[in-house]
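Note sheet for the following structure.
A short reminder: the numbers here are calculations on the coordinates, not readings from a lab. As the structure is a prediction and not an experimental result, all values here were calculated from the model. Counting neighbours? That spans all protein chains shown, and the Cβs are built from the backbone with ideal geometry, glycine included.
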Amino acid sequence: MKKQGKKFGIILIIGFTYFIWIRITGIAIPCLFRMRTGWLCPGCGITTLFLDLIKLDIKGAYNANPFLFVTGPWIVIFILWDMKLKYEKRQMPKAGNGILVLYLIALCVFGIWRNIVRYN
């Protein structure tokens, strides 16, 4: 559990540092997919989503990436569940892996949908 806690702490520190960097410079990491294709990837808007959540701008966060806004809490629960199972030295049930596959399919469908809606 210490190892997972350390990884989580490092991720939090990196995220906080990135947040401070954006607030000071206004420069964020661009989406390479969008730069190459001009289309929004399924994850486009995630930085804006987090920045808006920090400012408690719920509407702005939702508009930045509705799919991740709605499913984000479930992702957190799934990650915590996975961490608990690893701590207990247990495997993720097959149903959990199936849910993950369905989630990734839904994320891809959202990515396609948001570009169809955007260009029509």
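When all alpha carbon pairs of the chain are counted in 10 Å bins from zero, the resulting P(r) reads 11, 32, 37, 18, 2 %.
Straight-line reach from K6: taking Cα to Cα under 22 Å and skipping same-chain neighbours fewer than 8 places apart, the lysines in range are K84, K86, K89. Of all complete DSSP H helices in the chain, those with a Cα span along the helix axis of 18 Å or greater and a mean Kyte-Doolittle hydropathy of 1.0 or more are 66-87, 94-119. Taking the chain as a Gaussian network of alpha-carbon nodes connected by springs under 10 Å, the highest mean-square fluctuation of the residues K59, K84, K94 belongs to K94.
Label-to-label distance, I58 versus Q91, with points set 7 angstrom from Cα along the beta-carbon direction: 4.2 nm.
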